[in-house]
Amino acid sequence: MSEQTPYIFDATTADFDQSVIEASFNKPVLVDFWAEWCAPCKALMPMLQGIAQSYQGELLLAKVNCDVEQDIVARFGIRSLPTVVLFKDGQPVDGFAGAQPESAVRALLEPHVQMPPPAAADPFEQAQALFDDGRYADAESALVAMLQEDNSNAKALILYARCLTERGELSEAQTVLDAVKSDEHKAALAGAKAQIQFLGLARDLPDAAELKSRLAQNPQDDEAAYQLAIQQLARQQYEAALEALLKLFIRNRSYGEGLPHKTLLQVFELLGNDHPLVTAYRRKVFAALY
């Protein structure tokens, strides 16, 4: 009925002094006195194990099967089950009898056991969060530091290229992407390349105001509709661009030898499969196809 780890274990008469008493001089040891016939014991033990795991080794949990270890029961005068005793520096310092809520157990432990510090955030995740917040310069600085340690880190290279793209360094961004040799991040790589392509195309197209004027005069102007979608993609106006591309796809799917459909797929790669716009527009494209 129990999980065993280096800090969650069964204590017996033979090893109690070593595994509990002596060990408590290094780290607090919570001792759970239980028995198979005790229903509250079986409810309490998983909670104690979860608490011990949350301390990541700063708290030990020793379990004593009272049906088997009668000498330990007699030694500590255990009269009811479950009984839980906290040992520290070789002595019992606190405890309780009967089932308790998790909050009460944690309150008992708080003066005696220090919670481990939270794990340091992954550097790439920090950089990704900065990028997602639009803090491209900060994200770029974090990625440069990462790449100084490992210049073959594919996902860092791809995001670094995205940062360069955001500040208009398209040629440099493309050079960075060309250095990515791993096949592990194909979708992210394709998305980054699509972003560079959209920005590069937008530079050579009429501006958005002119294209909107053309469409106001002729809503069936497929070229203006497609070029406006590219301008919108370059400005990260993804929903407007996707809607325009979908309408063009429905109206004239053969335009530019299938450019509307190809571009929709590129935008999906750019945004990633989990993006809500991708989920919505994949369904719409599927409905239009079938």
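Of the beta bridges DSSP finds with both residues in the chain, what % are antiparallel, to the nearest 5?
DSSP beta bridges in the chain are roughly 55 percent antiparallel.
Just to verify a number: FRET efficiency for Q148 and Q56, C-beta to C-beta distance, R0 = 25 Å, to 0.05?
Here the calculated transfer efficiency is 0.25.
For every helix of n ≥ 4 consecutive DSSP H residues, a contribution of -39,500 (n - 2.57) applies; sum these over the chain, divide by its total residues, and give [θ] at 222 nm rounded to the nearest 500 deg cm²/dmol.
Helix contribution divided over all residues of the chain: -17000 deg cm²/dmol.
Report, as a whole number in µm² per second, the diffusion coefficient that Stokes-Einstein gives for segment 56-164 at 4 °C and 1.567 mPa s using the Kirkwood radius over alpha carbon pairs.
70
Over 20 Å between Cα atoms, which of K63/K88; K186/K284; K212/K247; K193/K284 qualify?
On the way: K63/K88 16 Å; K186/K284 24 Å; K212/K247 15 Å; K193/K284 24 Å.
Correct reply: K186/K284; K193/K284.
Write down the accessible area per residue of the chain in Å², having rolled a 1.4 Å probe over the full set of protein chains.
53
Restricting to DSSP loop positions (anything but H, G, I, E, B) with no more than 13 other Cβ atoms inside 10 Å of their own Cβ, which GluC sites (Glu not before Pro) remain in segment 243-278?
E257
Using only Cα positions of segment 234-290, each an equal point scatterer, no hydration layer, compute I(q)/I(0) via Debye at q = 0.22, 0.23, 0.24 Å⁻¹ and quote the log10 values to two decimals.
-0.81, -0.89, -0.96
Where the accessible area of segment 154-224 is counted over protein heavy atoms with a 1.4 Å probe, how much of it, in %, is carbon and sulfur?
Of all accessible area on segment 154-224, carbon and sulfur atoms account for 47 percent.
Spit out the partnerless Cys residues in the chain, using Cβ distances under 4.7 Å as the pairing rule.
Cys with no partner Cβ under 4.7 Å: C66, C163.
How much of the pair distance distribution for the chain lies past 27 Å, counting alpha-carbon pairs only, in percent?
60
Express the carbon and sulfur contribution to the solvent-accessible surface of segment 235-290 as a percent, rounded to the nearest whole number, probe 1.4 angstrom.
Carbon-and-sulfur percentage of accessible area, whole number: 53.
Considering only protein heavy atoms and a 1.4 Å probe, what is the carbon-and-sulfur percentage of the accessible area of segment 20-97?
In segment 20-97, the share of accessible area belonging to carbon and sulfur is 50 percent.
The values are calculated or read from the model by the stated rules, or taken from the named source; none is laboratory data. Treat the numbers as computed from the prediction; the structure is a model and nothing was measured. With ideal geometry, Cβ positions are generated from the backbone for all residues, glycine too; neighbour counts draw on all protein chains shown. In case anyone asks, the SASA skips ligands and DNA or RNA and just uses the protein heavy atoms, side chains included. Shrake-Rupley method; radii C 1.70, N 1.55, O 1.52, S 1.80 Å.
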